[in-house]
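J.: Shown below is the structure under consideration.
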2 protein chains.
Amino acid sequence: MNDYRYSDADIAAVRRAIEERRDVRHFRPDPLPAGLLERLIAAANLAPSVGYMQPWRFLHIQNRELRQRIHALVDVERAITAQALGERGADFLKLKVEGILDCTEVLVVALRDGRERHVFGRRTMPDMDLASVACAIQNMWLLARAEGIGIGWVSLYDPQELAALLGMPEGARPVAVLCIGHVREFLPRPMLEIEGWGQRRTMEDVLAVDRW
Amino acid sequence: MNDYRYSDADIAAVRRAIEERRDVRHFRPDPLPAGLLERLIAAANLAPSVGYMQPWRFLHIQNRELRQRIHALVDVERAITAQALGERGADFLKLKVEGILDCTEVLVVALRDGRERHVFGRRTMPDMDLASVACAIQNMWLLARAEGIGIGWVSLYDPQELAALLGMPEGARPVAVLCIGHVREFLPRPMLEIEGWGQRRTMEDVLAVDRW
């Protein structure tokens, strides 16, 4: 007996969002439903955070020229990444890795400045702040999927250049350029699996008992 | 019109899990439903990951003595953290920060070794692998909440000592000790808010337009 368990239908809805969420790069330009972006950010703000520091900030990119400049930064890093990948570089360049110019809304998610004041849970692992921001983004991602809206997380850019472009204070750091919008489709499996870039790990590969 | 949108009831279920998820430290010792732990790990394994690298591994701690040794590591770090917190140290020591010995199951979640081979999306920000693991944990956390099961993420330990205790290879790193089990209650608000340690950030604080 568990008083806190949701109905079977509600559990299935949560599981479905987890299973059907995709990292989306192909968008349609239609506007988002009214208030949806704010609901997604409110969901992010409910994420767990180390020592309750809530180290996140969201920049909604409304200026079109600014969006183009972000896209240009990503395009530079895409080319450098292709070179760094060596023999896989050609395969990488065939992949669509972002939808910054096509999606309806762009959000830049950042770690805030002043994080050094927070010690609880971070003394030996200061990057737990990044883990908290990632949990916040996953909240958005799952709620967006339920709403039928796609999100793509782009991490191809020089963080110092993006921080400068967006006027971030010293100590702040952009961790994600999120592309948000209506999708052309939600693929049945991750795009990088369909394209042959990688395969889903098996349970045998990810789960062990007691020792590595 | 959006063909991919879930029903209002299913959207509400996802939102409810996001709103009602808590970082749990107070557990009841009853066993988990059969298969639940595996379902949670399967949900984690469906998380997004940078360049589809899936950099996670889960150690299910079944040996009781090993659990006690993990608890001992956490207890040492708890004392050091209290000192490092200075004038807030006394308040910190009043908080219950983990339920390692009380919960039903302990999972240690780790970054795998060999991550340096993955460049896609990580050339300028190698710690995107940690962000991926955090998304995996958030998947588990939300599904567990729907199932009426609590999870607490403990990050108070020396990662090198914990890695050695669990026989992790060089390059692997433990990022979370997860306490999993039936709860005494799901608090209406985060415990650290109720205890006065921190306050929920407002939308005005977390959302900006175009520039910081």
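J.: Which is the longest part of chain A that has none of the GluC sites (Glu not before Pro) sitting in a DSSP loop with at most 15 other Cβ atoms within 10 Å? Each step should come with its number before you reach the end.
T.: Values: sites that count: A:170, A:185, A:195.
No qualifying site falls inside A:1-169, the longest such stretch.
J.: Compute the length gained on full extension between residue A:113 and residue A:88: take 0.36 nm times their separation in residues and subtract their Cα-Cα distance, giving the result in nm to one decimal. Kindly include the intermediate steps, with their values, before the conclusion.
T.: Details: separation 25, 0.36 × 25 = 9.00 nm, distance 3.65 nm.
Extra length from residue A:113 to residue A:88 when fully extended: 5.4 nm.
J.: Let me ask another. By a straight-distance test (C-alpha under 16 Å), which aspartates and glutamates pair with residue B:94 as possible cross-link partners, with residues fewer than eight away in the same chain excluded?
T.: B:75, B:77, B:193, B:195
J.: Amide H neighbours of residue A:183 under 5 Å, at least 5 residues apart or on other chains, H built in the peptide plane: list them.
T.: A:28, A:150
J.: Continuing with this model, one more query. Please report the relative contact order for chain A, taking Cα pairs under 8 Å with a sequence separation of at least 6, and give it as a percent rounded to a whole number. Numbers along the way, then the final one.
T.: Details: 297 pairs, mean separation 71.9, N = 212.
It comes to 34 percent, rounded to a whole number.
J.: Follow-up question, since we're still on this one. Counting other C-beta atoms within 10 Å, and keeping those with at most 14, which DSSP coil trypsin sites (Lys or Arg not before Pro) do you find in segment A:68-117?
T.: Numbers: sites: A:69, A:78, A:88, A:94, A:96, A:112, A:115, A:117; in loops: A:96, A:112.
Passing sites in segment A:68-117 are A:96.
J.: Put a label point 7 Å from Cα along the Cβ direction on residue A:72, then list its distances to the equivalent points in the other copies in nm, shortest first.
T.: In nanometres, ordered from closest: 6.0.
J.: Using the Cα centre of segment A:36-181 as origin and beta-carbon charges of +1 (Lys, Arg) and -1 (Asp, Glu), tell me which of A:50, A:111, A:68 is placed farthest towards the positive end of the dipole.
T.: Among A:50, A:111, A:68, the one farthest towards the positive end of the dipole of segment A:36-181 is A:50.
J.: Can you list, shortest first and in nm, the gaps between the label point of residue B:171 and those of its counterparts in the other copies, using a point 7 Å from Cα in the C-beta direction?
T.: Output for residue B:171: 3.6 nm, nearest copy listed first.
J.: Okay, next question. Quick one: A:16, B:64, fewest Cβ neighbours within 10 Å first, how do they rank? It would help to have the intermediate numbers written out before the result.
T.: Details: A:16 17, B:64 9.
Ascending number of Cβ neighbours within 10 Å: B:64, A:16.
J.: To one decimal in nm, how far is residue A:12 from the same spot in the other copies, if labels go 7 Å from Cα toward Cβ? Please give the shortest first.
T.: Ordered by increasing distance: 1.7 nm.
J.: For residue A:80 and residue A:12, calculate 0.36 nm times their separation in residues minus their Cα-Cα distance, and state this gained length in nm to one decimal. Mind dumping the intermediate values first?
T.: Details: separation 68, 0.36 × 68 = 24.48 nm, distance 4.21 nm.
Extra length from residue A:80 to residue A:12 when fully extended: 20.3 nm.
J.: About its Cα centre, what dipole magnitude does segment A:103-194 give when the only charges are +1 on Lys and Arg Cβ and -1 on Asp and Glu Cβ, stated in debye to the nearest 20? Show your work: numbers first, answer last.
T.: Values: 9 positive and 11 negative charges, 59 e Å.
Approximately 280 debye in magnitude.
J.: Now, a different point. Size of the dipole of chain A about the Cα centre, Lys and Arg at +1 and Asp and Glu at -1 on the beta carbon, nothing else charged, in debye to 20? Can you show the working numbers first?
T.: Working: 28 positive and 30 negative charges, 33 e Å.
It comes to approximately 160 debye.
J.: Would you kindly derive the ³J(HN,Hα) couplings of segment A:163-178 from the backbone phi angles with the Karplus curve 6.51 cos²θ - 1.76 cosθ + 1.60 (θ = phi - 60°), listing them in order in whole Hz, with x for Gly and Pro?
T.: In residue order, the calculated couplings are 4, 5, 4, 9, x, 6, x, 4, x, 8, 7, x, 10, 8, 9, 9 Hz.
J.: Compute, for segment B:31-116, the length of the dipole vector about the Cα centre, with Cβ point charges of +1 (Lys, Arg) and -1 (Asp, Glu) only. Units Debye, rounded to 20. Don't skip to the answer; put the middle values down first.
T.: Details: 11 positive and 11 negative charges, 21 e Å.
Rounded to the nearest 20 debye, it is 100 debye.
J.: Each residue of segment A:47-57 in order: what ³J(HN,Hα) in whole Hz does its phi give by Karplus 6.51 cos²θ - 1.76 cosθ + 1.60, θ = phi - 60°, with x for Gly and Pro?
T.: Values, residue by residue: 5, x, 8, 5, x, 6, 7, 6, x, 9, 8 Hz.
J.: Another one. If I take R0 = 30 Å and measure r between the Cβ atoms of residue B:5 and residue A:193 in this structure, what FRET efficiency does the formula 1/(1 + (r/R0)^6) give, to the nearest 0.05?
T.: On the way: r = 25 Å, r/R0 = 0.82.
Rounded to the nearest 0.05, the efficiency is 0.75.
J.: Now, a different point. Of B:162, B:93, B:172, which is farthest on the positive side of the dipole of chain B, counting Cα position, with +1 on Lys and Arg Cβ, -1 on Asp and Glu Cβ, and the Cα centre as origin?
T.: B:172
J.: Taking the Cα centroid of segment A:61-85 and of segment A:179-199, what is the distance between the two, rounded to the nearest whole Å?
T.: Between the Cα centres of segment A:61-85 and segment A:179-199 lies a distance of 20 Å.
J.: Per-residue HN-Hα couplings for segment A:179-189, Karplus 6.51 cos²θ - 1.76 cosθ + 1.60 at θ = phi - 60°, whole Hz, x for Gly and Pro?
T.: Values per residue, Gly and Pro as x: 9, 10, x, 5, 9, 6, 7, 9, 5, x, 9 Hz.
J.: List every residue whose amide H lies under 5 Å from the amide H of residue B:207, counting only residues 5 or more places away in sequence or on a different chain, with H placed 1.01 Å from N in the peptide plane.
T.: Distant-sequence amide H within range of residue B:207: A:58.
Throughout, read-outs are computed from the coordinates displayed, never taken from laboratory work. On a predicted model such as this, the values are computed, not experimentally measured, just so you know. Note: ideal-geometry Cβ built from the backbone for every residue, glycine included; neighbour counts use all protein chains shown.
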